[in-house]
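**Q** Okay, handing you the structure first.
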Amino acid sequence: MTEMYIPKNKIDDAVQEMMAQHKVFAPVLQGRFHDFAPLSSPEEVDWECRNTRLSPKGLFHRHSERMFDYSLSKDDPEAGILKESPKDFSPRVVLNIRPCDARALQLVDVNFDTPEYRDPWWVKRREATTLVGLACNDPCSTCFCGSVGTGPFDAAGVDVLLVDAGEGYVARACTDKGEGLLAEIASGEPVTAEIREKVEALKKQAETSMADLHLNLDLIAEKDMKELFNEEFWEDVHFSCINCGTCTFLCPTCWCFDIQDEVYEGKGMRLRNWDSCMYPLFTLHASGHNPRDQKLQRVRQRFMHKFKYYLDKYETATPACVGCGRCVQHCPVNIDIREVVRRMAASCVCPA
Amino acid sequence: MEIPRGADTRVRPYRGDANSKGGGRSLQARNGGIEVENPYLPYPVRIESIVTETEDRNLKTFKLVFLDAEDEAKFRYHAGQFAELSIAGQGEIPIGIASSPTEEGYLLFTVNKAGKVTNYLHNMKEGDIMGVRGPLGNWYPWETLEGRNVVIIGGGFAFTTLRSSIVYMLDPANRARFNDITVVYGARSPGLLLYKNELIQWEKRDDITMHITVDGTNDPDWKYNVGFVPAIVKEKAPDSDNAYALVCGPPVMIKFTLPTLAELGFPPERIITSLEMRMKCGIGMCGRCNIGTELVCKDGPVFTFDYLSTLPGEY
Amino acid sequence: MREYTEKIREAARRLLSEKKVDAVIGFRKGTLPFMNEPCIVKHADQADRLYWDGNCGVNLANYLAKRADRVAVVAKGCDSRNIMVHVLENQISRDQVYILGAPCRGMLDRRRILAELGGKDPLRVEEQNGKIHIEGRDFGLTLNREEYLQENCALCTHRNPVEYDELVGELVEEQKDVDRYADVREVEALSADERKAYFQELIAPCIRCYACRNACPLCYCPTCFVDESRPQWVGKSLDPVDTMTFHFLRAYHCAGRCTDCGACERACPVGIKVRQFTKKLEKDVLELYGYEAGLDMNERPPLDTYRTGDPEDFIK
Amino acid sequence: MSEWEPKIVAFLCNWCSYGAADLAGVSRFQYPANIRVIRVPCSGRVNPKFILAAFRHGADGVWVSGCHPGDCHYIEGNYYARRKFALLKNLLEHVGIEPGRLHFSWISSAEATKFAETARQVVEAVQAQGPSQYFVKKEAEVA
């Protein structure tokens, strides 16, 4: 696989080269926090950004997606017939996506790209996108990627992995798509043995800097779904939750959505918006019956989905969580998923 | 290859089927590559006719005809499946398919007036254009039911996919595949029974045993049963030997019917039901209709009670 | 803060073992610096889970609406006012709640402190004598507590609980001569177009997660107007008009009830100053009807009463 | 702009202003035809959501009219309404809606002249603002 060294004074040139053939998205400081935004110039990239407030899932699964358009005008012979809304699926690069967030996209693939049905928007955007990851030399204290099967240097989800080696970046292609992208970069230099060693050292340092939480996911996997569902500790876990959707909206692996029709002056569109299992409306039947009308049920659903249902359903050892720590950082009432998972593994009633 | 409509062409086991392998994930892939068939795009249909089913006028049966014959060919379904009815400007609703695969040229949907979309639909007229997306979900296990006695127990307006099933089994091409067919169907009053004309016709046939019942009635000419569905099941005591029961109805009916069936010797793996849930996508992606690991829209809606008992009771 | 924690634990132990209450609602120590988690304690031997410091900004009144049991709740000035609002609005009865009053010197603004750290992780934090000592992997920093209070706390004129059954600390001196509405007046002074631009920009980052609504103790409606479908009052996409309609109506529903506890702003994951909506209402309610929410149990909320001589110069 | 005519939604109390509108019609008083009347049982029935909904659906102005203070058919509905509307109007204008778009009046069923006169004033004021933009839901701005 291709590997190259891009000195920091040439990194803008490299980004410029990516921009020649692709629309490039990268973390940009927008007001008070970072978000992925399309670049108009390479200088906009904030290379010091630790991570974006919102996960990059929105680049693939848009917060509000215009699905179909239709006419409702009486004299239109096509009135009431839905047509796919035009979309731009031209090639793009998502630059400086963190390994956890890239891995998250893979975890979500199993939902949107299934043997029976393929979500066209997700699939086409995934196809059109090359992910250039940036390894985390300095994981945050709320990061726990290493405890959920990924890591600060995990290349599993990216097409190219960049490592900040101090004076420059080492770029390594991890997939054919990544190879293709690096072939377009002329600003690269060969990677010296010394730099390669440095990258290894950085990797080791990053990995050891993170405490292993010993989440014992295998213990959860072994448990009976129904027993875990009925554990008493959920009573304590759910208490502080206010059922806002912050955790689900910031989460890189939460994919749930709602479908809505909107009409304006004889034209209409079908939209799909992010939704959240935290909201009572999410499961409310038209009859008024609601299988998850209690806060406890909704809180439990989120954690059970990520750490039990997902594993059981897809027969995998990896939970639907990549340890990015966004929900830990931004939960307004400090519900800490790391603690919840510990209790799921231990089935202990008392908080740790 | 010419595939006859109504045949079991897709391998999608219902949840809890002893023959099921790989847990409800079907094997047929959609078009590969980047040309992705949009599973959210409804087929356009025209409302051919509307029948008001019940005297409270809350249930109407809509007969829908595809605008494009090719779409009809693609919409190959099994009794027990559902579809998303789509109304531009209003939204979509998941509704069980009431017509049988053996009834060609149209689809039937019996819709209860409950929310925003169904209220709008009830005010639509014959000739109006709407959409249908599907078929969705799994179906009653027709291959497993072959050579068996089938006991159908329905209550209220949860009789739609059961009607589909009865029509399917009674079709001359299919009738020989199944042994005795027994139906217990009840509603609160005679005016609330669905498909009355058909019920009367079936009642007169000798290849199906009908037990129509109402909770109560003032009608002196009522010549069928009076009593709750579970009581009538107990009274008529269909033989459980080599038999499967398909049970659909309001929760309270199911609650009291299950012990009766158990007494009659039906084990939970031979009692099959179809669940309802709030749904949006209908294809297992939007995340709201799960019971534990199972997505009712895609892994269901048909489950055995045996299988349901292994899942969290969140439905 | 130690003393508060001790007093809270002692009270919880006593109340629970004497069976005066079924549960005690307070905070437990958070898993992150500058965060604590609301918790409920139901047995006397669990009382030591309770904890108190300058990071208890969540409004605990939020956990009281429609409770059936008898609970003790630790309440800062704002929490106690919101408990009053609950009592006035029949969400809970006064004799169901045992208020453990916690006189407050303001809660810390976590976001502002983290911004001060410029992305560095705080690992250990200690509050002492009006200072915040922060230590990280390779840094140490001391900040003046006063300068890093939540904005609403800095402007607070009701730091002492307005109603309580017992106190867990000495009453503090209330802040005087605070100009509570300087920011509102600044916006009022702008032209209509400028105000429109100001508010549109304010809510631009909104992701419609409803954290502001859900963190708010006033928002207990069984079905929120955003969730109503017949008719649907507001769309659910990120369309700016819908987002503005949501924020506007959410704020309006708090008219005459808001205690400026700051829960909404604290909860917002994208840092929107949603109090800019509610503070205008608060100011108007004070100016037009002389009412401050949650201070007096015998006075009806301003939109639940009237005076024949209420101002009406806007009516033709 | 000469072609443009404002659309104004008027919520009129059944017991007074609606009667006044009726009387104005019977008495053949002229007033502009820009007003779409919604009859309500009391000005107190007008939920702020209704006013937002009117703007949302493209009303250029909203006018609420009820009974004079003290004359409410339900004794005090308009007193409550008065407080509700004062805060609503202030907040709407605070977030930047033009002051000329939202109007309130007290008009008894006998005051047909006042009704016609107020209608003219309201239409004039809204006309001066031009077509409404704020709070009007157009095609959703989503891609």
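The values are calculated or read from the model by the stated rules, or taken from the named source; none is laboratory data. Since the structure is predicted, the reported quantities are computational estimates derived from the model, not experimental observations. No Cβ is skipped: glycine too gets one built from the backbone with ideal geometry, and neighbour counts run over all protein chains shown.
**Q** So which residues in the range D:66-88 are within 30 Å of D:V136 (Cα to Cα), more than 8 Å from chain C (Cβ to nearest Cβ) and out of contact with any Gly (no Cβ under 7 Å at 6 or more places or on another chain), if there are any at all?
**A** D:G66, D:C67
**Q** I would also like to ask the following. Go through the range C:112-142 residue by residue and tally those that are of a type in the set (K, R) and not in a loop (DSSP other than H, G, I, E, B).
**A** 3
**Q** Continuing with this model, one more query. How many of the residues making up the range B:155-182 are without any contact (Cβ under 8 Å) to a residue 40 or more places away in the chain and farther than 18 Å from B:T209 by Cβ?
**A** 1
**Q** Please work out which residue is farthest from the chain's Cα centre (by Cα), limiting yourself to the range C:164-214 and to residues that are surrounded by fewer than 16 Cβ atoms within 10 Å (Cβ to Cβ) and assigned to a helix (DSSP H, G or I).
**A** Applying the filter and picking the extreme gives C:D193.
**Q** Restrict the check to the range A:86-93 and report whether at least one residue is on the phi > 0 side of the Ramachandran plot and free of Cβ contacts under 8 Å to residues at least 24 places away in the same chain. First the steps, then the outcome.
**A** Of the range A:86-93, the ones on the phi > 0 side of the Ramachandran plot are none.
Checked the range A:86-93: no residue is on the phi > 0 side of the Ramachandran plot and free of Cβ contacts under 8 Å to residues at least 24 places away in the same chain.
**Q** Please verify whether the range C:79-90 includes one or more residues that are part of a loop (DSSP other than H, G, I, E, B) and buried (at least 22 other Cβ atoms within 10 Å of the Cβ).
**A** For the range C:79-90, residues part of a loop (DSSP other than H, G, I, E, B) and buried (at least 22 other Cβ atoms within 10 Å of the Cβ): absent.
**Q** When the range B:145-181 is examined, which residues are found to be part of a helix (DSSP H, G or I) and either of a type in the set (A, V, I, L, M, F, W, C) or more than 20 Å from B:R76 (Cβ to Cβ) (or both)?
**A** B:L145, B:L162, B:I166, B:V167, B:M169, B:L170, B:R175, B:A176
One line per residue, one yes/no per condition, for (1) assigned by TED's automatic domain parsing to the domain that holds B:I153; (2) under 25 Å from B:T260 (Cα atoms); (3) touching a strand residue (DSSP E or B) at 6+ places or on another chain (Cβ under 9 Å); (4) not acidic (D, E):
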position	(1), (2), (3), (4)
B:W202	yes, yes, yes, yes
B:N218	yes, no, no, yes
B:W222	yes, no, yes, yes
B:G227	yes, yes, yes, yes
B:V233	yes, yes, yes, yes
B:D239	yes, yes, yes, no
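**Q** I've got another one for you. Can you list the strands (runs of 3 or more DSSP E) found entirely within the range B:68-140 that contain at least 3 residues being away from every other protein chain (no Cβ under 12 Å)?
**A** Ranges flagged: B:82-87, B:107-112.
**Q** Against the conditions (1) at pLDDT 95 or above; (2) within 22 Å of the chain's Cα centre (by Cα); (3) within 10 Å of chain D (Cβ to nearest Cβ), where does C:C258 fall short? Just the number, please.
**A** Checking C:C258 against (1) at pLDDT 95 or above; (2) within 22 Å of the chain's Cα centre (by Cα); (3) within 10 Å of chain D (Cβ to nearest Cβ), the one that fails is (3).
**Q** Checking the condition in contact with a Ser or Thr (Cβ under 8 Å, 6 or more places away or on another chain) and aliphatic (A, V, I, L, M), which residue from A:V15, A:V45, A:V94 passes?
**A** Answer to the selection: A:V94.
**Q** So which of C:P240, C:P231, C:P222 is within 18 Å of A:L271 (Cβ to Cβ), free of Cβ contacts under 8 Å to residues at least 12 places away in the same chain and not charged (D, E, K, R)?
**A** C:P231
**Q** Separate question: Which count do you get for residues in the range A:113-152 that are part of a strand (DSSP E or B) and either more than 14 Å from chain B (Cβ to nearest Cβ) or aliphatic (A, V, I, L, M) (or both)?
**A** Keep residues of the range A:113-152 that are part of a strand (DSSP E or B), which gives A:113, A:118, A:129-134.
Narrowing further to those that are either more than 14 Å from chain B (Cβ to nearest Cβ) or aliphatic (A, V, I, L, M) (or both): A:130-134.
Number of matching residues: 5.
**Q** Of the residues in the range B:248-293, how many are more than 14 Å from chain A (Cβ to nearest Cβ), without any contact (Cβ under 8 Å) to a residue 24 or more places away in the chain and touching an Asp or Glu at 6+ places or on another chain (Cβ under 7 Å)?
**A** 0
**Q** Can you report the number of residues in the range D:89-112 which are out of contact with any Cys (no Cβ under 7 Å at 6 or more places or on another chain), at the interface with another protein chain (Cβ under 7 Å from one of its Cβ atoms) and farther than 21 Å from D:A128 by Cβ?
**A** Residues that pass the stated criteria total 1.
**Q** So, in the range C:264-312, exactly how many residues are among the aliphatic types (A, V, I, L, M), under 29 Å from A:N243 (Cβ atoms), more than 14 Å from chain A (Cβ to nearest Cβ) and in a helix (DSSP H, G or I)?
**A** Number satisfying all stated conditions: 3.
**Q** Could I ask something else about it? So C:G77 passes all but one of these: (1) modelled with pLDDT of 95 or more; (2) in contact with a helix residue (DSSP H, G or I) (Cβ under 8 Å, 6 or more places away or on another chain). Which condition number does it fail?
**A** So C:G77 meets the others, but not (2).
**Q** Take the range B:221-272 and flag every residue that is under 20 Å from the mean Cα position of the chain (by Cα) and farther than 13 Å from B:V184 by Cα.
**A** Listed by number, the residues that qualify are B:A243, B:Y244, B:P250, B:P251, B:V252, B:K255, B:L258, B:P268, B:E269, B:R270, B:I271, B:I272.
**Q** Determine if the range A:76-90 includes at least one residue that is among the β-branched types (V, I, T) and away from chain C (no Cβ under 14 Å).
**A** Looking for residues that are among the β-branched types (V, I, T) and away from chain C (no Cβ under 14 Å), one finds at least one in the range A:76-90, hence yes.
**Q** Additional query: Output the residues belonging to the range C:243-261 that are in contact (Cβ under 8 Å) with a residue 60 or more places away in the chain and over 21 Å from C:N90 (Cβ atoms).
**A** The answer is C:D260, and nothing else.
**Q** Here's something else I'd like to know. What is the one condition in (1) at pLDDT 95 or above; (2) within 24 Å of C:T308 (Cβ to Cβ); (3) surrounded by fewer than 21 Cβ atoms within 10 Å (Cβ to Cβ) that D:F50 does not satisfy?
**A** Looking at each condition in turn, D:F50 falls short on (2).
**Q** Can you tell me which of (1) in contact with a Cys (Cβ under 6 Å, 6 or more places away or on another chain); (2) buried (at least 24 other Cβ atoms within 10 Å of the Cβ) is the one A:G133 doesn't meet?
**A** So the condition that A:G133 fails would be (1).
**Q** Which of the residues that make up the range B:282-315 are acidic (D, E) and either in the same structural domain as B:L258 (by TED's automatic domain parsing) or touching a Leu at 6+ places or on another chain (Cβ under 9 Å) (or both)?
**A** B:E294
**Q** Among the numbered criteria (1) at pLDDT below 95; (2) closer than 30 Å to C:V178 by Cα, which one does C:G101 miss?
**A** (1)
**Q** How many of the residues making up the range A:273-328 are assigned to a helix (DSSP H, G or I) and among the small types (G, A, S)? I'd like the intermediate steps shown before the answer.
**A** So in the range A:273-328, the residues assigned to a helix (DSSP H, G or I) come out as A:280-283, A:295-313, A:326-328.
With the extra rule that they be among the small types (G, A, S), the set shrinks to none.
The qualifying residues number 0.
**Q** Among the residues of the range A:5-25, are any surrounded by fewer than 18 Cβ atoms within 10 Å (Cβ to Cβ) and within 14 Å of another protein chain (Cβ to nearest Cβ)?
**A** yes
**Q** Could we say that B:L85 is in contact with a helix residue (DSSP H, G or I) (Cβ under 8 Å, 6 or more places away or on another chain) and among the aliphatic types (A, V, I, L, M) here?
**A** Yes: the conditions hold for B:L85.
**Q** If I go through the range A:311-345 residue by residue, how many of them are of a type in the set (D, E) and more than 14 Å from chain C (Cβ to nearest Cβ)?
**A** Residues that pass the stated criteria total 2.
**Q** Looking at (1) at positive phi; (2) of a type in the set (S, T, N, Q); (3) within 13 Å of chain A (Cβ to nearest Cβ), can you tell me which one C:N129 breaks?
**A** (3)
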